[in-house]
1. Express the Stokes-Einstein translational diffusion coefficient of the stretch 54-144 in µm² s⁻¹, to the nearest whole number, given a Kirkwood radius over alpha-carbon pairs, 4 °C and a viscosity of 1.567 mPa s.
2. Pairs of Cα atoms under 8 Å, at least six residues apart: use those to get the relative contact order of the chain, whole percent.
3. Can you count the Lys pairs in the stretch 30-91 with C-alpha separation below 18 Å, eight or more apart or on different chains?
4. Would you compute, for the Cα atoms of the chain, the largest minus smallest coordinate along each principal axis and list the three values in descending order, in whole Å?
5. For the stretch 4-159, what is the accessible area per residue in Å² when the probe is 1.4 Å?
6. Could you please state how large a percent of the accessible area of the chain is carbon and sulfur, counting protein chains only and using a 1.4 Å probe?
7. Excluding residues fewer than 8 places away in the same chain, name every one of the aspartates and glutamates whose C-alpha is closer than 18 Å to that of Lys121.
Amino acid sequence: YVNVTKFDSIGANASFALNLPHGFSPSVSYTYTKREDDKGVEIGGFPKHAAFVKLLWSNPRLGLRANIRGNLNGKVPAAVGATSYTPKYNLWYAQASKKIATKGAYAFNLYAQVNNLLDKKDIYNVDLQGNPRTNEVLQVWNAPRTYLAGITIDMDWTR
């Protein structure tokens, strides 16, 4: 590993969202980031291209909301002095909720959520030819598919 004393980072972010009929709201965000040390050498460890996509559906009259969203991560360039990089990978999530009660300014909701929907595991470094380097430490560790459920309490601050 090599420590970098100084680096420059440039990038751009763009987001777009749209409200469609019947409660659908798709959205997408994209980020481009380029990082270089003071000699102009690219610094890895962070994807140059990343996107976040989401499709939300809601029906306020019934108190229902559901969404599916994904983090789309581009290839992570090799770190300074490294001989491997992380290939591109995607992670998907889903959530649904139902408003069950309101009391004054408070709304009580039940929700269920699945993280890492496709159970993406073990994203290893790959060598410069793209072969997995399974004898090394994982570059990216993702929690396995995880199920969550619970109650949220929302407060209407305008009341």
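The values are calculated or read from the model by the stated rules, or taken from the named source; none is laboratory data. These numbers come from a predicted model, not from an experiment. Surface areas here come from the heavy atoms of the whole protein model, side chains and all, with no ligands, DNA or RNA. Shrake-Rupley method; radii C 1.70, N 1.55, O 1.52, S 1.80 Å.
1. Values: Rh = 16.0 Å.
Answer from the Stokes-Einstein relation: 81 µm²/s.
2. Values: 374 pairs, mean separation 24.7, N = 159.
With pairs under 8 Å counted, the relative contact order is 16 percent.
3. 6
4. 59, 32, 29
5. Numbers: 10440 Å² over 156 residues.
I get 67 Å² per residue for this part.
6. Numbers: 6250 of 10940 Å².
On the chain, the fraction of accessible area on carbon and sulfur atoms equals 57 percent.
7. In chain and number order, the partners are Glu136.
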